[in-house]
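Asks: Sharing a structure with you now.
The values are calculated or read from the model by the stated rules, or taken from the named source; none is laboratory data. Treat the numbers as computed from the prediction; the structure is a model and nothing was measured. As a convention, Cβ positions derive from the backbone with ideal geometry for all residues, glycine included, and neighbour counts pool all protein chains shown.
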Amino acid sequence: MKHTVKVTIALAFFFFLAQIVGLLIVNQYIDHKKTAEAKTVVLKDLPYGLERPQVENQSTSFLYIAAAILIGTLLLLAIAKTNITLLWKLIFFFSVSLTLSIALAAFIHPIAAGAFALAISFWRLYRPNPIIHNVSEIFVYGGLAAFMVNIFNLFAAFMLLILISIYDYIAVYRTKHMVKMAEFQSKSRVFAGLFIPYQREKAQKITRLKPIRSKKPKGSIAVLGGGDIGFTLIFAGVVMKDLMLQNPVLIGFLKALIIPVFATLALLFLLFKGQQDKFYPAMPLLSLGCFVGYFVVWLV
């Protein structure tokens, strides 16, 4: 297996928790009263005067996201190549504070949410540690999903996962630039995703990614990229959005949770079957888990 049992379970647990919290955040931004009256999903406004992206045709929205991912990848590779870590840290700080503000504003006053988000983002940037890092990651992708779900219909959500899975496979096994980006993020101590340190005394900072050669290697960490969390959550959020048109709120939410359950099982399979010292594209298996989960939702 790729990691120890304890680390594997911890990664899967945080992944599943991020999915649950993310769906709760998306659900908070659905105006259920207006949705029931209009017979179409109505979303509440975002805080701070933010506007969600708009597309003319939801069925082709996955192409815009694919283009944005390509541009973002090229930008990060350029930053890694030139080793301009300050620019990466500024982009990271802005992204985390924005998405975290949206996420927290679903539950508390926007001013308090913004203050907490800025404080946590500064903390992650200058005093990174596993607890604040992983706890904030649980909320970040819910904020991203609440910002993005309006542009997708079910077809586009399916196509997005398919495209991302193909991209992930190529980026890890062919071009290998995904590995380079992960190493750069880890070296800069600014990483988008979950990370679990192997040893407690090394938990005070994100260390450089190293191959795992023993059961508890000194300074090694287990990681799961932010995209693996975010894209699966967006898919589940789009499905939940549609379910709210046909079911009471609680039933719609519980049905949507079936998808994260199967995605988490897919992640566990990958981690248990994976080998040490190897990088794996997680999205193909996670996408398969999402598709199986959706089939079960459809049966239910």
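Asks: Given the structure, is Ser165 buried (at least 18 other Cβ atoms within 10 Å of the Cβ), of a type in the set (S, T, N, Q) and at pLDDT below 75? It would help to see each step written out before you state the result.
Replies: Values: buried (at least 18 other Cβ atoms within 10 Å of the Cβ): yes; of a type in the set (S, T, N, Q): yes; at pLDDT below 75: no.
No; evaluated as a whole, the condition is false for this residue.
Asks: A further question on this structure: Give the residues of the stretch 9-34 that are part of a helix (DSSP H, G or I) and farther than 23 Å from Leu265 by Cα, sorted by residue number.
Replies: Asn27, Gln28, His32, Lys33, Lys34
Asks: Hey, another quick one. Where the second residue is in a loop (DSSP other than H, G, I, E, B) and the first is at negative phi and lies in the stretch 124-135, which pairs have Cβ atoms under 7 Å and are six or more apart or on separate chains?
Replies: Going by the 7 Å Cβ cut-off, the qualifying pairs are Leu125/Val190; Pro128/Arg189; Pro128/Lys205; Pro128/Ile206; Asn129/Ala203; Asn129/Gln204; Pro130/Ala203.
Okay, residues lined up against (1) without any contact (Cβ under 8 Å) to a residue 24 or more places away in the chain; (2) within 16 Å of the chain's Cα centre (by Cα); (3) farther than 20 Å from Ser165 by Cβ:
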position: Ser59; (1), (2), (3): no, no, no
position: Gly72; (1), (2), (3): yes, yes, no
position: Leu87; (1), (2), (3): yes, no, yes
position: Val96; (1), (2), (3): no, yes, yes
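Asks: In the stretch 253-300, which residues are part of a helix (DSSP H, G or I), of a type in the set (Ser, Thr, Tyr) and more than 18 Å from Ala157 (Cβ to Cβ)? Walk me through it before giving the result.
Replies: Initial filter on the stretch 253-300 (part of a helix (DSSP H, G or I)): 253-256, 258-273, 283-299.
Now restrict to residues that are of a type in the set (Ser, Thr, Tyr): 264, 287, 294.
Scanning the stretch 253-300 gives a single hit, Thr264.
Asks: Only one of these is farther than 27 Å from Val238 by Cβ and surrounded by fewer than 16 Cβ atoms within 10 Å (Cβ to Cβ): Leu75, Leu86, Leu63, Leu70. Name it. First the steps, then the outcome.
Replies: Working: Leu75 fails: farther than 27 Å from Val238 by Cβ; Leu63 fails: farther than 27 Å from Val238 by Cβ; Leu70 fails: farther than 27 Å from Val238 by Cβ.
After ruling out the rest, the residue left standing is Leu86.
Asks: From the list Glu56, Glu37, pick out the single residue that is at pLDDT below 90, exposed (fewer than 13 other Cβ atoms within 10 Å of the Cβ) and not in a loop (DSSP other than H, G, I, E, B). Lay out the reasoning, then the answer.
Replies: Details: Glu56 fails: not in a loop (DSSP other than H, G, I, E, B).
Of the residues listed, the single one that is at pLDDT below 90, exposed (fewer than 13 other Cβ atoms within 10 Å of the Cβ) and not in a loop (DSSP other than H, G, I, E, B) is Glu37.
Asks: What single numbered condition from (1) under 27 Å from Ile258 (Cβ atoms); (2) at pLDDT below 90 fails to hold for Ala103?
Replies: (2)
Asks: Further, regarding this structure: Just one of Asp242, Asp228 is within 20 Å of the chain's Cα centre (by Cα), at negative phi and among the acidic types (Asp, Glu); which is it? Working first, answer last.
Replies: On the way: Asp242 fails: within 20 Å of the chain's Cα centre (by Cα).
Just a single option satisfies the conditions, and that option is Asp228.
Asks: What pairs can you find where one residue is in the stretch 272-295 and closer than 21 Å to Arg174 by Cα, the other is assigned to a loop (DSSP other than H, G, I, E, B) and among the hydroxyl-bearing types (Ser, Thr, Tyr), and their Cβ atoms are less than 6 Å apart, with a gap of 6+ or different chains?
Replies: Cβ pairs passing all conditions: Gly274/Tyr280.
Asks: With Gln246, Gln204 as the choices, which residue is surrounded by fewer than 22 Cβ atoms within 10 Å (Cβ to Cβ), modelled with pLDDT of 75 or more, out of contact with any helix residue (DSSP H, G or I) (no Cβ under 7 Å at 6 or more places or on another chain) and under 30 Å from Ile25 (Cα atoms)?
Replies: Numbers: Gln204 fails: modelled with pLDDT of 75 or more.
Residue meeting the stated conditions: Gln246.
Asks: For a quick check of your reading of the model, give me the residue pairs whose first member lies in the stretch 139-159 and is at positive phi, whose second is surrounded by fewer than 24 Cβ atoms within 10 Å (Cβ to Cβ), with beta-carbon atoms closer than 9 Å and at least 6 apart or on different chains.
Replies: Close Cβ pairs satisfying both conditions: none exist.
Asks: Hey, can you tell me all the residues within the stretch 218-252 that are among the β-branched types (Val, Ile, Thr), under 26 Å from Pro130 (Cα atoms) and in a helix (DSSP H, G or I)?
Replies: Start the filter on the stretch 218-252 by keeping residues that are among the β-branched types (Val, Ile, Thr), which leaves 221, 223, 229, 232, 234, 238-239, 249, 251.
Keeping just the survivors that are under 26 Å from Pro130 (Cα atoms) gives 221, 223, 229, 232, 234.
Correct list: Ile229, Thr232, Ile234.
Asks: Just checking, which of Phe93, Phe107, Phe147, Phe116 is out of contact with any strand residue (DSSP E or B) (no Cβ under 7 Å at 6 or more places or on another chain) and under 21 Å from Asp242 (Cβ atoms)?
Replies: Sole residue among the options that is out of contact with any strand residue (DSSP E or B) (no Cβ under 7 Å at 6 or more places or on another chain) and under 21 Å from Asp242 (Cβ atoms): Phe147.
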